[in-house]
Amino acid sequence: MKQAFFTRCLFFITGILVLSLGITLTIKGQIFGVGSWDVLHIGLAKSLGLTIGIWSILIGLAILAFDMVVTKRFPLPGTFIDMFLAGIFIDIFNYWLPDIDGFGMQLFAYVSGLILLGWGCGMYMVANLGIGPRDTLMLLMVHKLGWSVTRSRTTMEVTVAILGFLLGGPIGVGTALMAFGLGPIVQFALTFNEKLFLRLTGVKSAVV
């Protein structure tokens, strides 16, 4: 049991680190546009101040409040841990990583970030210690509407991108790519990490 819990914690923390790095890399590859949620976060940061990571946390709190109203359940502690750690890690990585110039380097940063973001999501969700607000919303759509992870994630990303654009956030071809491409990456990462977790612990962690 202790080994299984340690493995869950390892998947959880590593996944959050990976997805936070992925988010930051997509922001550094800014000429292609940013992810749907970051369109909103950046727009809010530019117009109202605070950092991208802080706005990520504040929006997360609003989503959790909505989820609690719909499900009548209080989120797991890991959900709040994920929300705060992701926001903090994004600001740390954004400070540490230099701005990237040049088409080729920004393309590499964006594509790498997209893959890492999707992989990190699938990895930490398998730990089943509580998932972040946005993934909570995605799984709420899966369970309430009977949609797949891919369909739920894509619908969510497109809707948020439109809202962020209306609020003045930056969008580009990369925004559309993330809206339609992130769902399949998360789906693949979930399947792979589910099998890896089962192999390491002998415990099946069915998230969806």
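The values are calculated or read from the model by the stated rules, or taken from the named source; none is laboratory data. Everything numeric in this text was worked out from a predicted model, so none of it was measured. Methodologically, a virtual Cβ is constructed for each residue, glycine included, from the backbone with ideal geometry; neighbour enumeration extends over all protein chains shown. Heavy atoms of the whole protein, side chains included, go into the accessibility calculation; ligands, DNA and RNA do not. Shrake-Rupley method; radii C 1.70, N 1.55, O 1.52, S 1.80 Å.
Number of residues in the range 177-191 that are open to solvent by 70 Å² or more (accessible area, probe 1.4 Å) and more than 15 Å from M156 (Cα to Cα) equals 1.
Of all residues in the range 104-129, those that are in contact (Cβ under 8 Å) with a residue 40 or more places away in the chain have Cβ atoms under 7 Å from Cβ atoms of residues that are of a type in the set (S, T, Y) and open to solvent by 10 Å² or more (accessible area, probe 1.4 Å), 6 or more apart or on another chain, in M123/T14.
Residues of the range 13-27 that are open to solvent by less than 10 Å² (accessible area, probe 1.4 Å) and farther than 18 Å from F180 by Cβ: G15, I16, S20, T24.
Against the definition (touching a residue at least 40 places away in the same chain (Cβ under 8 Å), out of contact with any Lys or Arg (no Cβ under 9 Å at 6 or more places or on another chain) and open to solvent by 10 Å² or more (accessible area, probe 1.4 Å)), how does I59 come out, yes or no? So I59 does not fit the description; no.
Only one of the numbered conditions (1) free of Cβ contacts under 8 Å to residues at least 60 places away in the same chain; (2) within 23 Å of G29 (Cβ to Cβ); (3) among the small types (G, A, S) is violated by A189, and that is (1).
Criterion first (open to solvent by 20 Å² or more (accessible area, probe 1.4 Å) and part of a helix (DSSP H, G or I)) does L50 satisfy it?
Working: open to solvent by 20 Å² or more (accessible area, probe 1.4 Å): yes; part of a helix (DSSP H, G or I): no.
No.
Quick one: is V34 assigned to a loop (DSSP other than H, G, I, E, B) and in contact (Cβ under 8 Å) with a residue 24 or more places away in the chain?
Numbers: assigned to a loop (DSSP other than H, G, I, E, B): yes; in contact (Cβ under 8 Å) with a residue 24 or more places away in the chain: yes.
Taking the combined requirement at face value, the residue satisfies it.
All of (1) at pLDDT below 80; (2) touching a Gly at 6+ places or on another chain (Cβ under 7 Å); (3) of a type in the set (S, T, Y) hold for T175 with one exception: (1). Candidates are the residues of the range 45-59 that are modelled with pLDDT of 90 or more and of a type in the set (G, A, S); the one that is nearest to the chain's Cα centre (by Cα) is S56. If I ask for residues that are over 11 Å from the mean Cα position of the chain (by Cα) and either open to solvent by 10 Å² or more (accessible area, probe 1.4 Å) or at pLDDT below 85 (or both), which ones from the range 29-44 would you list? Answer for the range 29-44, where residues must be over 11 Å from the mean Cα position of the chain (by Cα) and either open to solvent by 10 Å² or more (accessible area, probe 1.4 Å) or at pLDDT below 85 (or both): G29, Q30, I31, F32, G33, V34, L40, I42, G43, L44.
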